Each structure stands twice: as C-alpha cells, then as structure tokens.
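Since the structure comes first, as structure tokens, the remarks are kept for the end.
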Amino acid sequence: MNSLPTVLLKPGEADRIVAGHPWVYHGSVLRLTHPAADGDWVQVKDHRQRFLGVGFYNSKSKINVRLLSTERLEPTQTFFEDRIQSALNFRKKHLPGTDSFRVINAESDFLSGLIVDKYENVLVLQISSLGMERRKDLITAALEKILSPRMIIERSDMATRKFEGLESGNETRVEKDETLTVNLNGLKFEADLRAGHKTGLYLDQQLNYQLVAGLAAGAQVLDCFSFVGGFGLHAARAGAVHIRMLDQSAEAIAAAKRNAAANGLAEKCSFEAVNVFDWLQAETARKPHEKLVPRWDVIVLDPPSFTRNRAAVPNALRGYKEIHLRALKLLKVGGTLATFCCSHHVDAGLFQDTVLSAAYDARRILRRVATYTQSPDHPIIPMIPETEYLKGFSYEVVK
C-alpha cells in the first residue's frame with residue numbers, strides 16, 4: 001500500500017475528509033508524491049503525512065480523488081462484493097419484501113460514481129466516474145455473484161460523465177433487453193430500462209406513493225408531471241374518485257394509460273399529454289371580476305429538477321413558485337397539496353419558503369400535514385449533503 005501514489009492535501013483541507021466527505025477537490029491537493037495515471041488507485045494523506053483513505057484518482061475531474069475507504073484496501077472483486085452485500089443488507093432491513101429498489105446509491109453506499117438499480121430480476125448499471133469505469137468487469141462479476149440477475153443493462157448516459165473525461169456508454173450484458181413489468185407496492189408498472197427516465201422508474205418515490213395515496217380517498221385528484229402514473233395509480237387504488245394525469249411526454253402518458261389498464265384502474269383515470277405550466281395557467285385564467293371555483297381535493301406536484309447547478313436556482317425558484325401559485329388557486333378549502341422538489345441545490349427550507357410565498361400571493365393559508373424524503377434505498381449521509389436531494393411536503397388549505 002505504501003507503494004501507491006500518495007495525494008497530499010494542503011493544510012486545513014483534511015477536516016472535511018476526516019468528517020466523512022469522500023471527494024478531494026483539485027484545489028485541496030498540495031502535491032502527488034509519485035505520478036498517477038487517471039483512474040489509478042491512490043492513497044490520500046494530510047500535509048503531515050497522516051493516512052486518510054484510498055480511492056480513485058482523476059486529474060481531468062474537479063474531483064481529483066473519490067475516496068472509497070478509510071482502510072488500506074485494494075479495489076478487488078472481493079472489495080466490491082463486500083460493499084454490495086452490505087448495501088443489500090441495508091435495503092432488506094429497511095425495505096423488506098421489496099423486489100425493485102436501488103441497490104447501490106454511489107456516495108450513500110461508499111461507492112462514489114456507481115449506481116445500481118434492481119427491477120425484479122434485472123439490474124441497471126450507471127457509472128459516472130473513470131475509476132469505476134476501469135473496474136466495470138469486477139463490478140459486474142460481483143453483482144452477478146451476489147444477485148444472480150437475469151440481465152445487467154448499462155445506462156451510463158448521464159451528462160456528468162464528460163466531467164470525468166468519459167463518453168456516454170450504454171450496453172446490455174448477459175442477454176437482450178425488453179420492457180419489464182415491475183411491481184411497486186403491489187401495483188404493476190411498465191419499466192423501459194433502456195430509454196425511460198433515470199434508469200426506468202422513480203424508485204426514490206416508492207414509499208411516498210403510498211403516503212400521498214393515504215390522503216386521496218374519496219378525492220378528485222390532479223396529478224401533475226405524472227410520468228407513468230406513480231402517484232395517480234396509487235391514489236386510484238386508495239379510493240380516489242377520479243384522477244387526472246398530466247405530463248408533457250406523450251410516451252409517458254401512453255405508458256400511464258397502459259399501467260392503469262393493467263391494474264384495473266382505467267375507469268377512474270383520465271390523461272392528457274400537455275405542458276403542465278400552460279395547462280395550469282389556462283385553468284386559472286379568468287376575465288376581470290370572473291370568479292375561479294376550485295374543483296380539486298388533492299393536487300400532486302412532482303416536477304423534474306428545474307436546476308442542475310447553483311447558478312440556475314433563482315430561475316428554478318420562479319418556476320416552482322409559478323406552479324404552486326396556480327395549483328393553490330385550483331384547490332378547494334380543506335384540499336391537500338402534495339409537492340416535491342428533487343434538486344439538491346434547493347434545500348427543504350428554501351423550497352418551503354417558495355411554497356409559502358406562492359400561498360401568500362394566492363391568498364391561501366396552509367397547514368403542513370406531512371413531510372417527505374427519498375426512500376431508504378437512497379440513503380442520506382448527513383456529512384455528504386449531495387446524498388440528500390428529494391424533499392416534499394403535504395399542505396392542507398385552511399382557507
């Protein structure tokens with residue numbers, strides 16, 4: 001291990017690493033004791049030569065080192081097997097009886113740059129770091145040994161790969177791909193594992209689907225940004241009178257229709273492929289002195305992320321405020337707004353402030369009745385803020 005290239009940190013730069021954050025930024029590096037090739041396994045020490053950990057080096061990335069262990073380990077197949085098994089044990093404890101879930105969530109499972117989702121007996125792999133890319137064969141061998149999947153599909157199509165000097169990469173291992181039917185909380189959903197959002201479905205909302213559905217019995221429900229019907233179909237099963245699903249993607253709406261039919265819930269649902277902003281604006285538009293009569297008991301807002309970086313946060317907040325202002329005008333008194341934000345750059349406090357600002361403009365008073373977070377297969381490590389991104393609230397309109 002002492003023969004490994006050593007990355008020495010500048011004075012004062014070790015504290016964050018000791019506290020548990022796995023990223024060594026370029027600006028934190030004092031020097032390398034020996035040359036290291038991009039993708040190499042290196043050790044990291046503070047400026048006093050005290051050992052901090054080992055990880056993958058990449059000079060092309062702003063993150064020069066992604067630490068994977070604070071012990072003197074090597075990235076062998078056994079190393080990956082141990083990490084995968086540990087992550088799997090955590091899921092079995094916190095999501096017992098679940099067949100589809102995220103097995104590896106990158107930094108949350110101390111495998112920076114690696115995501116693995118399990119859909120029934122099929123795995124979807126996403127690699128976003130050079131070090132993991134170089135060990136892909138070890139990773140897939142470890143996955144096959146522990147989980148014995150029917151198929152492993154790679155969906156390494158994220159834009160962030162370019163920051164690691166990597167090209168977009170997709171391939172199927174084991175056998176050819178097909179659209180899969182996935183069970184989420186006892187409901188059937190199509191999962192397009194090659195071209196669907198994320199790796200096919202929004203597994204991070206799996207528990208929230210049930211929690212929000214608990215508010216929908218006897219309700220007229222508007223499901224905005226519905227995708228393939230996650231919130232809407234759970235609400236329908238829970239006893240909602242009618243669910244209107246809106247999404248800009250015609251393909252997603254078509255899949256939502258098929259999912260509704262497959263679950264025997266089609267009669268309760270209606271669908272529209274439409275720009276949700278435009279739809280909300282049209283529904284709330286009134287002539288002078290014309291009164292708007294709210295007709296929805298529950299509205300769900302689960303938009304895609306409006307921002308990928310901090311510079312875009314102000315514009316994102318304007319977008320969030322706009323959809324909340326319109327939605328609140330459409331809710332009956334006593335109705336419930338369930339709303340979500342999946343941007344890491346907008347924290348829960350800022351998100352709630354935006355909702356309350358919209359409520360003020362809409363002249364509505366809200367009572368918060370629930371707080372939501374990502375499902376436990378997307379673990380949160382408090383010392384790694386990047387692992388916490390999904391937040392949500394339910395508010396009852398008091399008046």
Tally up the residues in the stretch 10-30 that are in contact (Cβ under 8 Å) with a residue 24 or more places away in the chain and either farther than 19 Å from residue 73 by Cβ or in contact with a His (Cβ under 8 Å, 6 or more places away or on another chain) (or both), please.
9
When the stretch 284-312 is checked residue by residue, the ones that are β-branched (Val, Ile, Thr) and either surrounded by fewer than 16 Cβ atoms within 10 Å (Cβ to Cβ) or touching a Pro at 6+ places or on another chain (Cβ under 6 Å) (or both) are 293
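Matching residues to (1) hydrophobic (A, V, I, L, M, F, W, C); (2) not in a loop (DSSP other than H, G, I, E, B):
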{"site": "21", "(1), (2)": "no, no"}
{"site": "24", "(1), (2)": "yes, yes"}
{"site": "27", "(1), (2)": "no, yes"}
{"site": "35", "(1), (2)": "no, no"}
{"site": "43", "(1), (2)": "no, yes"}
{"site": "71", "(1), (2)": "no, no"}
Among the listed residues 34, 26, 21, which satisfies the condition of being farther than 25 Å from residue 385 by Cβ and outside the structural domain of residue 163 (by TED's automatic domain parsing)?
34
Please count how many residues of the stretch 323-347 are modelled with pLDDT under 95 and not in a loop (DSSP other than H, G, I, E, B).
0
Test each condition in (1) farther than 26 Å from residue 73 by Cα; (2) at pLDDT 95 or above; (3) of a type outside the set (Phe, Trp, Tyr) for residue 117 and report the one that comes out false.
(1)
Residues that are part of a helix (DSSP H, G or I) and either touching a Gly at 6+ places or on another chain (Cβ under 8 Å) or crowded, with 24+ Cβ neighbours inside 10 Å (or both), drawn from the stretch 108-137:
109, 130, 131, 132, 133, 134
Say whether the condition of being in contact (Cβ under 8 Å) with a residue 12 or more places away in the chain, closer than 30 Å to residue 90 by Cα and of a type in the set (Phe, Trp, Tyr) is met by at least one residue in the stretch 349-356.
yes
For the stretch 343-376, enumerate the residues that are surrounded by fewer than 19 Cβ atoms within 10 Å (Cβ to Cβ), within 13 Å of residue 392 (Cβ to Cβ) and in contact with a Leu (Cβ under 7 Å, 6 or more places away or on another chain).
370, 373
State yes or no: is residue 259 over 20 Å from residue 304 (Cα atoms) and either free of Cβ contacts under 8 Å to residues at least 12 places away in the same chain or among the polar types (S, T, N, Q) (or both)?
yes
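So which of 292, 280 is assigned by TED's automatic domain parsing to the domain that holds residue 188, at pLDDT below 95 and either among the aliphatic types (A, V, I, L, M) or within 25 Å of residue 195 (Cα to Cα) (or both)?
292
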Show the residue pairs that are 6+ apart or on different chains and have beta-carbon atoms under 6 Å apart, the first residue being within the stretch 306-319 and within 12 Å of residue 351 (Cα to Cα), the second being aromatic (Phe, Trp, Tyr) and surrounded by 13 or more Cβ atoms within 10 Å (Cβ to Cβ).
316/306; 319/306
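The values are calculated or read from the model by the stated rules, or taken from the named source; none is laboratory data. On a predicted model such as this, the values are computed, not experimentally measured, just so you know. We place every Cβ from the backbone using ideal geometry, glycine too, and count neighbours over all the protein chains shown.
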